[in-house]
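All of the numbers you see were taken from the coordinates with simple rules; none came from a lab. Model, not experiment: these values are computed from the prediction. No Cβ is skipped: glycine too gets one built from the backbone with ideal geometry, and neighbour counts run over all protein chains shown.
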Amino acid sequence: MDTINWADLSFGYMKTDFNVRSYYKDGKWSEPQVDTSEFLNIHMAATCLHYGQEAFEGLKAFKGKDGKIRIFRMRENALRLQSSCRGIMMAELPVELFEEMVLLVVKKNERFVPPYESGASLYIRPLLIGTSAQVGVKPASEYTFLIFVTPVGPYFKEGFKPTPMVILREYDRAAPLGTGTFKVGGNYAASLTAGEKAHKLGYSAVLYLDAKEKKYLDECGPANFFGIKNNTYVTPESTSILPSITNKSLMQLAEDMGMKVERRRIPEEELSTFEEAGACGTAAVISPILRIDDLAENRSYHFSKDGKAGPISEKLYKKLRAIQYGDEPDIHGWVTIV
Ligand code: PLP
Ligand code: COI
């Protein structure tokens, strides 16, 4: 424990002391239970293993200069998990239970919350899985919900330095009327081939186009896309994008800064008009985009002349981080102090 180098953390798994669990059986969720094991003992015919009945969440806790621990927008994650549960027919977890368990797991693992100065945070990973044995394709009758935490640094190793991203037209992440708007494991399995190909080619993420027409911008790796032009924050609207809580927060902050906000379909060609572009999410925070290459079409869009993030992306990034770490007042009521 004494050997954790907080400043050098990457976005990876590290064992912490405790996780918390609740079990759904006979129509009821159990009281939260604290566990020290990193393992689950589940039936080999559990629906999560065969039919992908699993959803997860991702949120973060931050230690402030004042020593207090702040959790960012956990109610939003609780609501999105409920939406995922409805999306793939799992028992819905009550919002209050989600919040109680997030607070409990952070308190129990307080010593793993990185210090303010490190710029790192505690990643909180809730997971809900179907556990009852089934061979026919139908929803489970029993579920396990658990939350573990792990201290993390930046998702993209470059941090706030702009990186290149790529359009790979031969892959889709999610279908227009599929599960893209839910945070379910299948979407991530579906993105692995394209993601690995992008990494091998030197890109940090794939910018997906809509699966139907291959015309409009969609999800951006494990994050949402945004572009900036004419004092306007523009982000794609689609039926296959995960509603990012970071993006929702940035839209509010952009508005607070006097910018216009547009959430609408964005044709790929419009990329050439953006002054700045970025990917945003809990893990990614804001990852500025250096350049986007559409390989099949042999086209490139550039967003940074000097290799640095643009001024508006930087302002949004600083503002968001300041609220999360408690350096600035939480005027929107986004933060829960542990
Ligand atoms: N899109 C995808 C596919 C994601 O996995 C994530 C991460 O959670 C996001 C977007 C960003 O969402 P949020 O800002 O709520 O973390
Ligand atoms: C997040 O930003 O919380 C994510 O879930 C992204 C990725 C690690 C799956």
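Each residue of region 60-66 was assigned a 3J(HN,Hα) from its phi angle through the Karplus curve 6.51 cos²θ - 1.76 cosθ + 1.60 (θ = phi - 60°); the sequence is 9, 10, 10, 9, x, 4, 7 Hz, with glycine and proline shown as x. Between Ala45 and Lys215, full extension at 0.36 nm per residue minus the direct alpha carbon distance yields a gain of 57.1 nm. On a 0 to 90° scale, report how tilted helix 74-87 is relative to the longest principal axis of the chain, with both axes built from alpha carbons and the result rounded to the nearest 10. Its long axis makes an angle of about 80 degrees. For the chain, the Cβ-based charge dipole about the Cα centre amounts to some 100 debye (Lys, Arg positive; Asp, Glu negative; other atoms uncharged). Of the cross-linked pairs Lys108/Lys161; Lys215/Lys315; Lys183/Lys214, those separated by over 27 Å at the C-alpha level are Lys108/Lys161; Lys215/Lys315.
Site pair Glu328 and Val135 shows an inter-label distance of 5.9 nm when each label is modelled 7 Å from Cα along Cα→Cβ. Ranking Ser249, Gly310, Ala322 by how far each Cα lies toward the positive end of the dipole of region 234-338 (charges on Cβ) leaves Ala322 at the top. In degrees from 0 to 90, rounded to the nearest 10, what is the angle of the helix 95-108 Cα long axis to the longest principal axis of the chain? Helix 95-108 sits at roughly 90 degrees to that axis.
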